[in-house]
Amino acid sequence: MGRRERGGRGAIRALAAAAGIIACALASAATPALGAMEIGVIGDPGVDNANQAAVASMVAGWGPDHLVLLGDNYYSSAGGTGTGKYDRTVGKYYCGFLAGVASGPNCAGGTAVTNRLWPIAGNHEYSDAGISNYLSYFSLPGNERWYDVRIGPVHFFMLDSDEALRNASDMAAQKAWLQPAMAASNAPFKVVALHHPPYTSSARGPYPGMRWPFREWGADLVLNGHDHYYERLEVGGLPYVVNGIGGQSVTAFPAAAVAESRAHYSGSNGAMRITATDTLLTAQVLSVDGVVRDVLTLEPDGNGSGEAAGQGAVAGATQAVASMTARVAARTVLRLGARRVSVPVRVSLGGRAPQGATVRAAVTIRRSVRGATLGRGVATVRVAADGSLPTRTTVQVALGASAARVMRAGQRVWATASVRVTPVGGTVATARSAATAVVR
């Protein structure tokens with residue numbers, strides 16, 4: 001199913017619940033691991049006002065190694081002419097990350113030794129700035145409208161969704177470039193960035209034209225801007241993040257979230273902080289007051305760890321928040337020739353879950369991470385009246401007829417668990433986990 005997704009990691013202290021706002025507020029931002037790569041991700045920043053300044057100040061305080069801008073890096077309200085438009089909305093705030101950009105009164109070409117800021121074009125690059133000014137201001141790889149850049153363990157693939165949505169030949173050219181580029185990458189994590197969200201709860205979206213087979217091509221995460229709130233969605237096991245709160249005025253989250261939505265926040269401006277090593281990527285979303293509003297963690301496929309955990313957050317309409325963790329037990333064994341296998345899944349709740357909530361654990365066994373399915377199984381348990389949950393659930397997985405033909409002794413296969421908590425009148429939460437299993 002690709003990388004394992006975890007939402008709302010950590011000890012959850014409060015649920016901010018107001019009109020248009022649902023967010024898991026965590027105590028504080030985590031301290032990066034020694035040697036980890038730090039990447040700030042900012043969406044829709046280009047307004048040159050107090051909002052943008054507050055976000056830029058917060059991100060600078062993290063001390064990131066690189067910045068990624070998710071489009072709409074300039075709005076006409078910022079004023080300016082020519083490449084000076086971007087001097088006002090990019091150079092003024094991020095000069096220390098820039099190298100080789102057009103000179104302006106706020107940033108004379110950039111002060112970084114090498115460029116450490118990687119933007120994509122949004123619709124306002126075309127309608128407000130003029131794409132020629134965008135291309136003239138920045139110094140980017142490739143043809144500068146779409147390109148890739150590897151930042152330590154994270155390989156970013158940057159697309160121009162605005163032109164792709166208008167121009168079929170441009171879309172075809174980007175697809176023809178993206179698929180082999182992703183296939184050639186050996187990075188632990190592959191992230192696709194495009195401005196227009198393929199999936200969103202917004203009434204003005206989504207953009208089905210950008211629903212490319214990112215997961216099949218190897219993506220672990222898709223980042224978008226455009227909508228001026230934060231939302232994390234999950235589609236086919238792949239997390240999609242809408243992050244448009246980097247400066248432009250935040251808009252209220254829609255009254256009804258789509259089924260794929262997993263978390264959202266629209267209380268104030270903010271940004272995403274990615275911390276990545278070869279074995280773990282953590283993406284925190286922080287509002288400008290420093291509160292962590294959501295967390296996503298990913299692990300690389302086939303890293304040999306034998307055990308992986310997924311986390312999510314759940315709250316009923318009138319109940320306290322609970323954090324949920326799911327783990328596929330390490331060293332699951334499949335007996336050669338068996339038609340059924342028992343897969344232990346440990347599910348724990350930190351805090352009290354809503355009364356009457358149902359926990360559904362589904363396990364899929366595949367030949368490889370994205371290989372053919374060998375079997376599936378589901379187990380359902382109900383949260384007790386005291387909010388507790390059995391810590392160990394065994395899922396019986398029925399193996400298909402093809403399993404006996406393809407499995408060999410000593411072979412490793414892939415077991416993934418998707419755990420969903422469905423509270424009464426509350427918010428659905430999911431957690432995912434994966435581990436290798438051995439055939440004997």
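Cα centroids of the range 162-241 and the range 61-91: how far apart, whole angstrom?
That distance is 22 Å.
Treating only the Cα positions of the range 81-154 as identical point scatterers, give the base-10 log of I(q)/I(0) from the Debye formula at each q in 0.13, 0.19, 0.22 Å⁻¹.
Ignoring solvent entirely, the Cα scatterers give -0.35, -0.74, -0.98.
Check which residues have an amide H placed less than 5 Å from residue 334's amide H, if you skip close sequence neighbours.
438, 439, 440
Which of the lysines could a cross-linker span from residue 190 if the Cα-Cα distance has to be under 24 Å and same-chain partners fewer than 8 positions apart are dropped?
Those lysines meeting the cut-off are 175.
In units of 2.2 N^0.38 Å, what is the alpha-carbon radius of gyration of the range 174-230?
1.20
Write down the percent of antiparallel bridges among all DSSP beta bridges whose residues are both part of the range 69-190, to the nearest 5.
60 percent
Long-range amide H contacts for residue 375: which residues qualify at under 5 Å (H placed 1.01 Å from N, peptide plane, sequence gap of 5 or more or a different chain)?
Result for residue 375 returns 365, 400.
Amide H to amide H, which residues 5 or more places from residue 189 or on other chains are under 5 Å from it, using H placed in the peptide plane?
155
Please compute the contact order of the range 70-203 in relative form: average sequence separation of alpha-carbon pairs under 8 Å and at least six residues apart, divided by the residue count, as a percent.
On the way: 221 pairs, mean separation 30.5, N = 134.
Relative CO of the range 70-203 lands at 23 percent.
Any read-out appearing in this document is the output of simple, stated calculations on the displayed coordinates, not a laboratory observation. Predicted model, so just to flag it, every value in this text is computed and none were measured.
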